[in-house]
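Q: So that we are looking at the same thing, I have put the structure below in structure tokens.
The values are calculated or read from the model by the stated rules, or taken from the named source; none is laboratory data. Just so you know, these numbers come straight off a predicted model, no measurement behind them. Note that each Cβ is placed from the backbone with ideal geometry, even for glycine, and that neighbours are counted across all protein chains shown.
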Amino acid sequence: MDISQNLKVNDVMSRGVITMPLNTTVKDMAKIIAESHVHGICITDEFGEIAGMVSETDIIKAFNKDINKVTAEDIMSDKVATISGESYICDAVDIMVKQKIHRLVIVLGGKDNAGLSLPKRPVGILSATDIINLMAKD
């Protein structure tokens, strides 16, 4: 299969991203990751906008700490790669390769008709697994 250059991120991404607030404890995040079988959680601010990302590795790094007191804000990565679902999949793959990352957070965002910035609310995840599954399709 040739992968179409016109394919959009919305066509491939996983919907229904798990989000949690900045004050969520490591214990609570560990439970969600274990129960949901995901590899990371989007952390949102009080406005529902993406503030950071907590991965399985971030959770493990908190192993010897008080996991009932350490929060998402304490351990999250605040440099989160995002992209609009209306972007082309080839652009998303370029970002993932250049930044050496395994997932992109898909956000509602961009500009409205008046040119004003819209909030960056997470709506999905595009993972390396999603790309590999796309490449493996007949």
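Q: Return yes when M13 is within 24 Å of L126 (Cβ to Cβ) and touching a Leu at 6+ places or on another chain (Cβ under 9 Å) and no when it is not.
A: Yes; evaluated as a whole, the condition is true for this residue.
Q: Could you grab me the full set of residues in region 13-37 that are part of a loop (DSSP other than H, G, I, E, B) and at pLDDT 85 or above?
A: V17, I18, L22, N23, T24, H37
Q: I need every pair where a residue in region 65-88 that is under 13 Å from K120 (Cβ atoms) has its Cβ under 7 Å from the Cβ of a residue that is in a loop (DSSP other than H, G, I, E, B), sequence separation at least 6 or different chains.
A: A81/I101; T82/K120; S84/G109; S84/G110; G85/M13
Q: Still on this model: Of all residues in region 43-60, which are without any contact (Cβ under 8 Å) to a residue 24 or more places away in the chain and of a type in the set (A, V, I, L, M, F, W, C)?
A: I60, the sole residue that qualifies.
Q: Of everything in region 58-77, what is touching a helix residue (DSSP H, G or I) at 6+ places or on another chain (Cβ under 7 Å) and closer than 13 Å to D28 by Cα? Give them in sequence order.
A: Of everything in region 58-77, those that are touching a helix residue (DSSP H, G or I) at 6+ places or on another chain (Cβ under 7 Å) and closer than 13 Å to D28 by Cα turn out to be I59, A62, I67, N68, V70, A72.
Q: Looking at region 65-100 only, could you name the residues that are surrounded by 15 or more Cβ atoms within 10 Å (Cβ to Cβ), assigned to a loop (DSSP other than H, G, I, E, B) and not small (G, A, S)?
A: Passing the criteria: I67, V70, M76, V80.
Q: Further question: Quick check on region 8-30: of everything there that is free of Cβ contacts under 8 Å to residues at least 60 places away in the same chain and under 13 Å from the mean Cα position of the chain (by Cα), which residue is farthest from I67 (Cα to Cα)?
A: If we take residues in region 8-30 being free of Cβ contacts under 8 Å to residues at least 60 places away in the same chain and under 13 Å from the mean Cα position of the chain (by Cα), then I18 is farthest from I67 (Cα to Cα).
Q: Filter region 27-60 down to residues that are surrounded by 13 or more Cβ atoms within 10 Å (Cβ to Cβ) and within 25 Å of A128 (Cβ to Cβ), then give me how many there are.
A: 21
Q: Is it the case that region 49-57 has a residue that's more than 16 Å from the chain's Cα centre (by Cα), under 22 Å from K31 (Cβ atoms), of a type in the set (G, A, S) and modelled with pLDDT of 90 or more? Working first, answer last.
A: Taking region 49-57 and keeping what is more than 16 Å from the chain's Cα centre (by Cα), we get none.
Looking through region 49-57, none of the residues is more than 16 Å from the chain's Cα centre (by Cα), under 22 Å from K31 (Cβ atoms), of a type in the set (G, A, S) and modelled with pLDDT of 90 or more.
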